[in-house]
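Coordinate-derived values only; no laboratory data. Worth saying up front: this structure is predicted, and the values here are computed from it rather than measured. With ideal geometry, Cβ positions are generated from the backbone for all residues, glycine too; neighbour counts draw on all protein chains shown.
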Amino acid sequence: MSRPYILLALALSWMFSFHVLAANLGRGHQPGASSSSIHHTAVEQGNAETAAGIVESIYKLPQGHLKPVRGYEPGQYDAWRDHVNSPDSRFVVLETHRPNDPLVLSPFFRWQRSLLFLQVLSTGEVVPMGHAVVPEGIPPGHMKDFLETIQEAATTSQHEFVNKFGVERLVAPRF
């Protein structure tokens, strides 16, 4: 009686192994990312997309104009820190979103025509949220290229930024 069950179990496991292989085509045995890093990546991507949506709303840009939007990644930490600490950096402070923890924009040309999204916390910590590529050209309903608009609005110098918000350090997740 146990022999048919063993044969049935072997046959079923053999059949289901094809389903598992089909579901994992193109992926190695070790996909490479832990579930916590996948979670943090999704959170960072969500933060960046939220920031991009706020910017599109405030500046009356078509939804999805800032594309692609990328969340903060740990490998970018040095570039973010260097930018925040550079005396040449300029910032746009959007206090309309959360006055105590404002969203800050900064044009950045190290990665294409990019716009950095930062959040300044009341503790003086600056949190990178992500960045978006600003497409070339004049958006519908505007008179000039959007990156030019941002550059003109970025009147807060690095020195003013640090003094106004008591910026102490860049705090970034290291997942």
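Each Lys and Arg contributes +1 and each Asp and Glu -1, all at the Cβ; summed about the Cα centre of region 35-170, the dipole is approximately 140 debye. Taking 7 Å steps out from each Cα toward its Cβ at ASP101 and HIS142 produces label points 2.8 nm apart. When the convex hull of its Cα atoms is viewed from all sides, region 50-175 shows a mean projected area of 7.2 nm².
With the simple model of a label 7 Å out from the Cα in the direction of the Cβ, LYS60 to SER86 spans 3.2 nm.
Taking a ≥ b ≥ c as the square roots of the eigenvalues of the Cα gyration tensor, an a/c ratio of 1.5 or more together with a/b no larger than b/c marks region 50-98 as oblate.
Working from Cα pairs under 8 Å separated by at least six residues, relative contact order for region 35-170 is 26 percent.
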